[in-house]
């Protein structure tokens, strides 16, 4: 293969720390072989020069001229030996250092890049969810909601439902909004697909309703865990909820609850699929996940892993970092930093990437180690 063809084939190989390490290793190996071959050649020349001197001595007077040539050859062979020695000491030493540095760069650059991605993804969703904490507390003060609970009539319940429906149409990040009375009975909902079926159902045993009923004031809110909603045909949701208070006042008497069902199924999927924006050559060997505080997989570009447990190795409260797992894949992680007064629920962004195969890179670059038998002396 010509140099031009090798150069063209290398264009298909992305410039990554690992591919650069492979090239450095190849250069180092080639130089070591060339140095060894050169040393072998010099030894052969020295041996020939010694034999020539012996034969010149046997020839006596007639061999004197030949002895001069043999001595010069021996001198040049020694000079070549000295050059080879300096080459090994200087060039090969520096190549060895570059190999060591390349190895460090592979670990650091792969880890840093993927850790930054994990941090970016978890912060994207946390900033989004911070706004949900404001939404639920604000909408709970809507006069249509507390009026329908203070003076319960069919007309007022329908008006409350229409107000929730308007919110749901314009805030596409929500799957539904549900209002209950103090007993947990559903009084109004926003999503027309589920309204008739849900009205009158009791959420008295639902964790989000129970927690929202314990909110001390209108400033408080609760967050449920990501899960499939039995009210919505198993659609994955994350509920933010608070109490609805008399007159819409922060310190008013509790008269009901409002739960906003964040559309986790679509929004969470978007974070790990679209926002990750992985290069095409990395998609198949990369798993992108969001974990909750229980290390449960709540979003993943591999759907089969959803709601399984991921054994993340975090030492000493480490906020972010990376390590190689038992299969040799790099695992990068970052804990949410929270946003404003929202603590982020202790979620993690995690990226697991199978490392590039060194042999595959060598094959793409047409790099191979020359054998001693290939050198003709």
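What the table shows:
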quantity: Meets criteria (within 30 Å of residue 36 (Cβ to Cβ), at pLDDT 70 or above and either assigned to a helix (DSSP H, G or I) or out of contact with any strand residue (DSSP E or B) (no Cβ under 9 Å at 6 or more places or on another chain) (or both)) for residue 125; calculated: no
quantity: Search result, residues across region 142-158 that are surrounded by fewer than 16 Cβ atoms within 10 Å (Cβ to Cβ) and within 17 Å of residue 177 (Cα to Cα); calculated: 143, 158
quantity: Filter result (over 40 Å from the mean Cα position of the chain (by Cα), farther than 24 Å from residue 254 by Cα and in a loop (DSSP other than H, G, I, E, B)) within region 175-200; calculated: none
quantity: Some residue of region 188-198 being more than 16 Å from residue 245 (Cα to Cα), touching a strand residue (DSSP E or B) at 6+ places or on another chain (Cβ under 6 Å) and surrounded by fewer than 19 Cβ atoms within 10 Å (Cβ to Cβ); calculated: yes
quantity: Residue selected from region 117-132 under the condition surrounded by fewer than 18 Cβ atoms within 10 Å (Cβ to Cβ) and touching a residue at least 24 places away in the same chain (Cβ under 8 Å), by the criterion farthest from residue 212 (Cα to Cα); calculated: 120
quantity: Region 128-152, residues that are in a loop (DSSP other than H, G, I, E, B) and closer than 28 Å to residue 266 by Cβ; calculated: 140, 141, 142
quantity: Residue identified as touching a helix residue (DSSP H, G or I) at 6+ places or on another chain (Cβ under 6 Å) and either within 30 Å of residue 42 (Cβ to Cβ) or at pLDDT 65 or above (or both) among 86, 99, 94; calculated: 99
quantity: Failed condition for residue 172, given (1) assigned to a helix (DSSP H, G or I); (2) more than 20 Å from residue 343 (Cα to Cα); (3) modelled with pLDDT under 95; calculated: (1)
quantity: Qualifying residue in region 30-40 (condition: modelled with pLDDT under 75 and in a loop (DSSP other than H, G, I, E, B)); calculated: no
quantity: Total residues in region 207-221, condition out of contact with any helix residue (DSSP H, G or I) (no Cβ under 9 Å at 6 or more places or on another chain), surrounded by 14 or more Cβ atoms within 10 Å (Cβ to Cβ) and not in a helix (DSSP H, G or I); calculated: 3
quantity: Wholly within region 244-335, strands (runs of 3 or more DSSP E) carrying at least 2 residues that are under 18 Å from the mean Cα position of the chain (by Cα) and modelled with pLDDT of 95 or more; calculated: 286-291, 297-300, 330-335
quantity: Checklist (1) touching a residue at least 12 places away in the same chain (Cβ under 8 Å); (2) in contact with a strand residue (DSSP E or B) (Cβ under 7 Å, 6 or more places away or on another chain) applied to residue 234, failing item; calculated: (1)
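To keep it simple, each residue is scored yes or no on (1) in contact (Cβ under 8 Å) with a residue 24 or more places away in the chain; (2) surrounded by fewer than 17 Cβ atoms within 10 Å (Cβ to Cβ); (3) in contact with a strand residue (DSSP E or B) (Cβ under 9 Å, 6 or more places away or on another chain).
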{"residue": "230", "(1), (2), (3)": "no, yes, no"}
{"residue": "239", "(1), (2), (3)": "yes, no, yes"}
{"residue": "250", "(1), (2), (3)": "yes, yes, no"}
{"residue": "254", "(1), (2), (3)": "yes, no, yes"}
{"residue": "260", "(1), (2), (3)": "yes, no, yes"}
{"residue": "265", "(1), (2), (3)": "yes, no, yes"}
{"residue": "272", "(1), (2), (3)": "yes, no, yes"}
{"residue": "285", "(1), (2), (3)": "yes, yes, yes"}
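The values are calculated or read from the model by the stated rules, or taken from the named source; none is laboratory data. Just so you know, these numbers come straight off a predicted model, no measurement behind them. No Cβ is skipped: glycine too gets one built from the backbone with ideal geometry, and neighbour counts run over all protein chains shown.
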